[in-house]
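Below you'll find the structure, written out as structure tokens, and then a few comments.
The values are calculated or read from the model by the stated rules, or taken from the named source; none is laboratory data. This structure is a prediction, so every number in the text was calculated from the model and none was measured. All Cβ positions, even for glycine, are placed from backbone atoms using ideal geometry, and neighbour counts span all protein chains on display. For the accessible areas, the whole protein counts, side chains as well, though only heavy atoms, and no ligand, DNA or RNA atoms are used. Shrake-Rupley method; radii C 1.70, N 1.55, O 1.52, S 1.80 Å.
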Amino acid sequence: MMRTVRVELGPRSYDVRIGPGLLATAGDALRPLLARPRVAVITDETVAARHLPELAAALAGSGIGAAALALPPGEATKGWAGLERAVEWLIAERIERRDLVLALGGGVIGDLAGFAAAILRRGVRFVQVPTTLLAQVDSSVGGKTGINSPRGKNLVGAFHQPALVLADTGLLDTLPRREFLAGYAEVAKYGLLGDAAFFAWLEGVGPALAAGDAAARVQAVARSVEMKAAIVARDETEEGERALLNLGHTFAHALEAATGYSGRLLHGEAVALGLVLAFDLSARLGFCPQEDPVRVRAHLAAMGLPVALEQVPGGLPGTEGLLALMAQDKKVIDGRLRFVLARGIGQAFVAADVPPDAVRAVLDQALAAPVPPG
Ligand code: NAD
Ligand code: GLY
């Protein structure tokens, strides 16, 4: 069941290993990367309680010592205070240029630990051991690291590629269902942006995947990582094609900002809504057939993800409020709204100058739409 995807970036190339049981053999995987038998693990308290003992035992079994810092779980950790704690701890642990930082956790820990590694002593290597579905298919691959500013998400950061990614799909067994589904929205995104056959496969296997089908999980993570790796290899620093990975994200970021980046709406749930709205907009502008947004909505709803704005607890601002939040999105260039749109399922493209009235009409309709039955 084991798969390996190579991210081809010249001297910074690395493997993403995917499959169950990788945590138990992490020591063997890390040994060739170590100048001395010691690693610094950054994790969060929830993940530490469930998975740190197994990692520590695996490292000890290979003669590797480990020190660990467990930070509070949640997005609030990915800020200046969390970064200071992480970097100062690494310095106190005497982590040197040739040492290795290991990020054990979801996207919050991966982004934070990766950025800490990027700036510690002008850059030390790091390994990602992603423990959420979102982190396994998205945030652990591609080298975007960073923290949030009080003024906005992900505004401070660096490109710093990991030296290795160990995506142990068995770790997803302890992930709460809501978090699993939020990550699934990103899996569906890969099919929608570039692989119609993958999306069709997901339509069939999605429920089994959510119920725990181990082989389907490995296949879904591996195909997602293959797609991300190929895009990152062609456009590491997002000069062009990498923007396709943001399908649904302009809407999603506005929805997350409107709900205060809170537990009211997880990032992946916002992405599910954003994917539906991006296809609505694509259909309204005549780029894709009307059936496509219907199909996107049907599959995400069948998986248990939100697909109607009515489903966001606590209410949302109106159309103009959401448009104002979109205008702050970093994908706005010279006041023009850039969107990732689609010419059909699996055919995303970047549209540079989307008429605000079309976006307004899509939001008006979405805000008025009832929750779908079922
Ligand atoms: P997260 O890291 O907050 O994890 C979600 C929750 O699940 C946390 O409470 C965590 O403690 C818990 N958890 C993690 N693994 C678990 C496990 N195996 N069992 C039980 N509980 C577990 O959230 P996330 O969704 O993984 O990541 C979101 C972050 O990722 C955001 O900050 C986002 O900006 C970032 N992100 C980065 C990139 C990138 O390219 N760098 C891409 C997408 C998202
Ligand atoms: N998650 C978007 C990117 O990595 O570019």
| query | Stretch Val371-Arg98 to full length: gain in nm at 0.36 nm per residue minus the Cα-Cα span? | reply | 92.9 nm
| message | What FRET efficiency comes out for Ala214 versus Ser62 if R0 is 22 angstrom and r is the Cβ-Cβ distance? Round to the nearest 0.05. | response | 0.30
| query | Of all accessible surface on the stretch 47-141 at a 1.4 Å probe, what whole percent is carbon and sulfur? | reply | 54
| request: Would you please classify the overall shape of the stretch 1-105 from the alpha carbon gyration tensor, given that a ≥ b ≥ c denote the square roots of the eigenvalues, rounded means a/c under 1.5, and beyond that prolate means a/b larger than b/c while oblate covers the rest? | output: rounded
| field | the stretch 237-374, accessible area per residue, ligands and nucleic acids excluded (1.4 Å, Å²) | value | 42
| Glu241 to Arg122: extension gain in nm, 0.36 nm per residue of separation minus the Cα-Cα distance? | 40.0 nm
| query | Between Leu172, Leu33, Leu181, which gets the highest mean-square fluctuation from a Gaussian network model of the chain, Cα cutoff 10 Å? | reply | Leu33
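Show Arg178, Arg125 ordered by accessible area, largest first, where the area counts protein heavy atoms only and the probe is 1.4 Å.
Arg178, Arg125
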| remark: Note on the chain: alpha-carbon gyration tensor, axes a ≥ b ≥ c; rule is a/c under 1.5 for rounded, else prolate if a/b larger than b/c, else oblate; result prolate
| note | When all Cα-Cα pair distances of the stretch 206-283 are considered, the percent exceeding 21 Å is 48
| said: Rounded, prolate or oblate, given the Cα gyration tensor of the stretch 252-374, with a/c below 1.5 counting as rounded? | reply: oblate
| message | Quick check: residue separation of Glu84 and Ala200 times 0.36 nm, minus the Cα distance between them. What number comes out in nm? | response | 37.3 nm
| Put Glu93, Glu84 in order of accessible area, largest first, 1.4 Å probe: what do you get? | Glu84, Glu93
| query | Top mean-square fluctuation among Gly248, Gly110, Gly152, Gaussian network model of the chain, C-alpha springs under 10 Å? | reply | Gly152
| request: Identify which of Glu45, Glu75, Glu320 has the largest mean-square fluctuation in a Gaussian network model of the chain, with springs joining Cα atoms closer than 10 Å. | output: Glu320
| request: Could you look at the stretch 244-374 and say what percent of its accessible area is carbon and sulfur, using a 1.4 Å probe and all protein chains? | output: 54
| said: Given R₀ = 35 Å, what would the calculated FRET efficiency be for Ala302 paired with Val156, taking r from the Cβ atoms and rounding to 0.05? | reply: 0.40
| request: For a label point 7 Å from the Cα of Ser262 along Cα→C-beta, name the residues of the stretch 293-320 whose backbone N is under 18 Å from it. | output: 309-318
